[in-house]
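Below: the structure, in structure tokens.
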Amino acid sequence: AVVRPIHYAALPQLARGADELVSGNALSSAGEQLALFLGPVVAGIVVQVSGPELVLAISFVASVIGTVLCLRLRTGPPDLEAEPDGGSLRAAFEGLLALKGDGASIALLVAMALTFVIGGSIDILGVAFSDVVLEQGESGAGLVVGAVGVGGLVGAAVATLFAGRRRLVPIIALAGAADGALLAVMVLVGDLGPAIAVVALVGLMESVLLVCARTLLQRSTDDRVLSRVFAVQESMSLLGLAVGAALALYGTSALAPV
């Protein structure tokens, strides 16, 4: 939650042009999806072999390596004159103040947050869907939930074909609409193979939406408050995950047989 707003705010300063910015956003999204897919797999294997202590040690080493790799990045000196008066508390809310009255950016942030609501719900519903509908148990649940990450990897690559265009709003709208339509199709799915395919397409559409939305947000936001705006986006995303998981838990408990 601390690192990602800084990451996406730094990308425009590190990119040497619009194409590099799009590629950076796409590669960042691909890295996230790959980590979400491989992280639990690797952790599960290591826990079975050596216990949780080694997993924590590997995570610590990975975090240190990531920090060291960022030490020599040069993003330019901060614009001290642009810093708001009133101390760090006022600075923390500068992202919200920057969005005041900007309906387009707020709508963009809401669209991004909704994709995380869907992601949070799939993590829960995938287990119940595999057990109740597909009758595949835990192994099927792992495949269904993991398919989101696989689709996200493909979607990050596909997004590079679109995110460099001048007009991104139609692409974002189409990806969001397709995402919802695919989730509706899941009502008709009763076999594991088609379920994996549909969920993978959901992950693909979500990845395209997020890459294009982040690129558009970077284009349209003042660099001086970009990190704070992305902090707002990260907060909304985490809230979306929590809301999606809570809705899914409520729905599965309400439908559970007594």
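The values are calculated or read from the model by the stated rules, or taken from the named source; none is laboratory data. Note that this is a predicted model, so its numbers are computed, not measured. Here the Cβ positions follow ideal geometry from the backbone for every residue, glycine too, while neighbour counts run over all protein chains shown. Calculation scope for accessible area: heavy atoms of the full protein, side chains included, ligands and nucleic acids excluded. Shrake-Rupley method; radii C 1.70, N 1.55, O 1.52, S 1.80 Å.
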Next on the checklist: Please verify whether Leu188 is open to solvent by 40 Å² or more (accessible area, probe 1.4 Å) and either under 17 Å from Ala26 (Cα atoms) or in contact with a Ser or Thr (Cβ under 7 Å, 6 or more places away or on another chain) (or both), treating the condition exactly as stated.
Outcome noted: no
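With the condition kept exactly as written, say whether any residue in the range 76-91 is small (Gly, Ala, Ser) and modelled with pLDDT of 80 or more. Lay out the reasoning, then the answer.
So the first thing to find is which residues in the range 76-91 are small (Gly, Ala, Ser), and the list is 76, 82, 86-88, 91.
Adding the requirement that they be modelled with pLDDT of 80 or more leaves none.
For the range 76-91, residues small (Gly, Ala, Ser) and modelled with pLDDT of 80 or more: absent.
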Next on the checklist: Give me the residue from the range 144-169 that is over 19 Å from Gly119 (Cβ atoms) and not small (Gly, Ala, Ser) and, out of that set, least open to solvent (accessible area, probe 1.4 Å).
Outcome noted: Leu168
Item to check | Out of Val55, Val41, Val49, Val68, sole residue that is modelled with pLDDT of 80 or more and open to solvent by less than 80 Å² (accessible area, probe 1.4 Å) | outcome: Val55
